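Asks: To start, I am sharing the structure in question, which I have written as structure tokens.
The values are calculated or read from the model by the stated rules, or taken from the named source; none is laboratory data. Please read all numbers here as calculations on a predicted model, not as lab measurements. Reconstructed Cβ throughout: ideal geometry from the backbone, glycine too, with neighbour counts over all protein chains shown.
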Amino acid sequence: MGLTPLSEALERILATAVAHPEREQVSLNAAIGRYCAEAVNASIAVPPADNSAMDGYAVASGDVPGTLTISQRVPAGSTPAALAAGTAARIFTGAEIPTGADAVILQEDATLASDRVSLPAAQPGQHIRRRGDDIQPGDQLVAEGQRLRAQDIGLLASVGIDTISVFAPLNVAVLTTGDELREPGSGALASGQIYNSNRFSLTAQIRALGMTVVDGGNLPDDPEQIGDALERVAEAADCIVTAGGVSVGEEDHVRGQIEERGALDVWKLAIKPGKPLAFGQVCGTPIFGLPGNPVSAFVTFALVAKPWLIRRQGGVVVPSPRFPVKAGFALPRPGTREEFLRVTLSGAGEAMRAHLTGSQSSAVMTSLSEADGVAVIAPGTTVAEGDWLEVIPLSAL
Ligand code: AMP
Ligand code: MG
């Protein structure tokens, strides 16, 4: 079997992701990371009235320069009276502009003498935040399928909204396999053992998508136990993610157990890290069989399973941004697969360079943990120091 380009596998896998219709109304405080089930438009203007951008004096610009009587004091939150002709209003940041005033003069530029103040000339509109400068009634604030970030939640709150309709979270089962795996917290390692890290990184990746994790635990390399567990989680979850056991080794039982209860395609993806990837269904529930090596599991989850899960949940998949950065390393031998090299960034602007985070082995988790991003290297290309690379920030992967 030949290698399949990532784009081809992704297209075929994503074509099976039909958005589920379930939605729920949640409070804004519970909405971080969730996907909007409907577009939301503003019903009011923000700011709702003209207000002062500074602490100072509100005047009619035609009355200055000059020395004016201070006729009122307008702190934020108060309702100003109309400005008496030929006077100034003491005003503070965020306070409504009195009718009749059309400019604010900074307090630093004013000279105070008892109840009068000397003020310089002013341009009409200066230091005034106009009604609707930020948002006009009817403006769209968020789109259907958009992931809610802290700034979007603040934007919704700014028009008085306190709840929002989001897609119900998918239940995603995580199941790891391997006789060698020991759970963190369960004691020291015996000979031949390593700690189970994929169970935790995958759980964290799924939770970060606002989805619910069904913990399938870790299973020994035993076909019967793996088969039973697959049936159990297929019942409970909308999708299953497994790590390990999908290569062609004698101890790789996940693949066979899926095939007995459903179907799957196994791809040798033309990417590095992350060659073997299985996708199919077990007892009717979609399943991703990710490679066991921790970096491969992380990267294949991010590149393939994540977009599928987002789309299945009703979200819109936004392609990761790629930034041009010059290589601070050389890669003299061309690879046969598209490579995702873990890099740190140093310097700024033209002097910015991407450096490899040490060993690029798919078993080396520090290469990911230390990385600022991944440099994407096309198959068959070499890299010389100073060549332009495309880097995806790790936060966008
Ligand atoms: P496998 O795909 O099961 O052959 O596993 C490939 C490599 O990844 C082996 O070195 C495993 O020990 C390692 N591995 C598999 N699953 C995990 C896991 N959950 N946590 C850490 N390492 C794992
Ligand atoms: Mg294994």
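Asks: For segment 257-268, does any single residue satisfy the condition of being charged (D, E, K, R) and part of a strand (DSSP E or B)?
Replies: In the first step, residues of segment 257-268 are kept if they are charged (D, E, K, R); the result is 259-261, 265, 268.
When the remaining residues are screened for being part of a strand (DSSP E or B), the result is 265, 268.
Within segment 257-268, one or more residues are charged (D, E, K, R) and part of a strand (DSSP E or B).
Asks: For the list (1) part of a loop (DSSP other than H, G, I, E, B); (2) in contact (Cβ under 8 Å) with a residue 24 or more places away in the chain; (3) of a type in the set (Ser, Thr, Tyr), I need the number of the one condition that THR79 fails.
Replies: (2)
Asks: Okay, next question. Of everything in segment 24-74 that's charged (D, E, K, R) and within 20 Å of the chain's Cα centre (by Cα), which residue is surrounded by the fewest Cβ atoms within 10 Å (Cβ to Cβ)?
Replies: Keep residues of segment 24-74 that are charged (D, E, K, R), which gives 24, 34, 38, 50, 55, 63, 73.
Checking which are within 20 Å of the chain's Cα centre (by Cα) leaves us with 34, 38.
Details: ARG34: 24, GLU38: 14.
Filtering first and then ranking leaves GLU38.
Asks: Looking at ALA168 and the list (1) away from ligand 2 (no atom under 16 Å from the Cβ); (2) exposed (fewer than 14 other Cβ atoms within 10 Å of the Cβ); (3) aliphatic (A, V, I, L, M); (4) at pLDDT 95 or above, which single condition is not satisfied?
Replies: (2)
Asks: Could you list, in sequence order, the residues of segment 99-128 that are closer than 17 Å to THR67 by Cβ, of a type in the set (Ser, Thr, Tyr) and free of Cβ contacts under 8 Å to residues at least 24 places away in the same chain?
Replies: Within segment 99-128, THR111, SER114 meet the criteria.
Asks: Being free of Cβ contacts under 8 Å to residues at least 24 places away in the same chain and either farther than 30 Å from ASP252 by Cβ or part of a strand (DSSP E or B) (or both) is the filter here; which residues of segment 166-184 pass it? Walk me through it before giving the result.
Replies: Quick first cut of segment 166-184, residues free of Cβ contacts under 8 Å to residues at least 24 places away in the same chain only: 180, 182, 184.
Of everything in segment 166-184, just one residue is free of Cβ contacts under 8 Å to residues at least 24 places away in the same chain and either farther than 30 Å from ASP252 by Cβ or part of a strand (DSSP E or B) (or both), namely ARG182.
Asks: Tally time: how many residues in segment 108-165 are under 30 Å from PRO307 (Cα atoms), among the hydrophobic types (A, V, I, L, M, F, W, C) and assigned to a loop (DSSP other than H, G, I, E, B)? Let's see the steps before the verdict.
Replies: Step one: of segment 108-165, the residues under 30 Å from PRO307 (Cα atoms) are 139-157, 161-165.
Now narrow it down to the ones that are among the hydrophobic types (A, V, I, L, M, F, W, C): 141-143, 148, 150, 153, 155-157, 161, 164.
Checking which are assigned to a loop (DSSP other than H, G, I, E, B) leaves us with 143, 148, 161.
Selection size over segment 108-165: 3.
Asks: The conditions are (1) part of a loop (DSSP other than H, G, I, E, B); (2) without any contact (Cβ under 8 Å) to a residue 12 or more places away in the chain, and VAL246 fails exactly one of them. Which is it?
Replies: (2)
Asks: Quick check on segment 137-165: of everything there that is surrounded by 13 or more Cβ atoms within 10 Å (Cβ to Cβ) and among the polar types (S, T, N, Q), which residue is farthest from ligand 1 (Cβ to nearest atom)?
Replies: The residue in question is SER158.
Asks: Looking at (1) surrounded by 13 or more Cβ atoms within 10 Å (Cβ to Cβ); (2) in contact (Cβ under 8 Å) with a residue 40 or more places away in the chain; (3) of a type outside the set (S, T, N, Q), which is the only condition GLY86 fails?
Replies: Going through the list (1) surrounded by 13 or more Cβ atoms within 10 Å (Cβ to Cβ); (2) in contact (Cβ under 8 Å) with a residue 40 or more places away in the chain; (3) of a type outside the set (S, T, N, Q), GLY86 breaks only (2).
Asks: With the structure loaded, tell me whether LEU230 is in contact with a Ser or Thr (Cβ under 9 Å, 6 or more places away or on another chain) and within 11 Å of ligand 1 (Cβ to nearest atom) or whether it fails that test.
Replies: Values: in contact with a Ser or Thr (Cβ under 9 Å, 6 or more places away or on another chain): yes; within 11 Å of ligand 1 (Cβ to nearest atom): no.
The answer is no for LEU230.
Asks: Turning to a different aspect of this structure: Look at LEU309 and say whether it is crowded, with 24+ Cβ neighbours inside 10 Å and either touching a helix residue (DSSP H, G or I) at 6+ places or on another chain (Cβ under 8 Å) or among the β-branched types (Val, Ile, Thr) (or both). Full working, then the answer.
Replies: Values: crowded, with 24+ Cβ neighbours inside 10 Å: yes; either touching a helix residue (DSSP H, G or I) at 6+ places or on another chain (Cβ under 8 Å) or among the β-branched types (Val, Ile, Thr) (or both): yes.
In short, yes.
Asks: Filter segment 236-283 down to the residues that are more than 16 Å from ligand 2 (Cβ to nearest atom) and more than 31 Å from the chain's Cα centre (by Cα) and list them by number.
Replies: Of everything in segment 236-283, those that are more than 16 Å from ligand 2 (Cβ to nearest atom) and more than 31 Å from the chain's Cα centre (by Cα) turn out to be GLU259, GLU260, ARG261, GLY262, ALA263, CYS283.
Asks: Now for a different question. Give segment 233-254 a look and list any residue that's more than 14 Å from ligand 1 (Cβ to nearest atom) and either buried (at least 24 other Cβ atoms within 10 Å of the Cβ) or β-branched (Val, Ile, Thr) (or both), or say none.
Replies: Within segment 233-254, the first condition is being more than 14 Å from ligand 1 (Cβ to nearest atom), and the residues that meet it are 233-240.
If the condition is that a residue be more than 14 Å from ligand 1 (Cβ to nearest atom) and either buried (at least 24 other Cβ atoms within 10 Å of the Cβ) or β-branched (Val, Ile, Thr) (or both), then VAL233, CYS239, ILE240 are the ones that fit.
Asks: If only one of SER191, SER201 is out of contact with any Gly (no Cβ under 9 Å at 6 or more places or on another chain), within 16 Å of ligand 1 (Cβ to nearest atom) and without any contact (Cβ under 8 Å) to a residue 12 or more places away in the chain, which one is it? First the steps, then the outcome.
Replies: Details: SER201 fails: without any contact (Cβ under 8 Å) to a residue 12 or more places away in the chain.
None of the other options fit; the residue is SER191.
Asks: Which one of GLN140, GLN151 is within 18 Å of the chain's Cα centre (by Cα) and of a type outside the set (Asp, Glu)?
Replies: Working: GLN140 fails: within 18 Å of the chain's Cα centre (by Cα).
From the options GLN140, GLN151, the qualifying one is GLN151.
Asks: Determine the pairs where a residue that is closer than 24 Å to GLU390 by Cβ, located within segment 307-322, has a partner that is polar (S, T, N, Q) and not in a helix (DSSP H, G or I) with Cβ atoms under 7 Å apart, the partner being 6 or more residues away or on another chain.
Replies: These pairs meet every condition: VAL316/GLN146.
Asks: Now for a separate question. Filter segment 200-235 down to the residues that are part of a helix (DSSP H, G or I), within 22 Å of ARG261 (Cβ to Cβ) and not aliphatic (A, V, I, L, M) and list them by number. Step through it out loud before you land on a result.
Replies: At the first step, the residues of segment 200-235 found to be part of a helix (DSSP H, G or I) are 200-207, 223-235.
Of the ones still in play, those that are also within 22 Å of ARG261 (Cβ to Cβ) are 202, 223-235.
Scanning segment 200-235 gives PRO223, GLU224, GLN225, GLY227, ASP228, GLU231, ARG232, GLU235.
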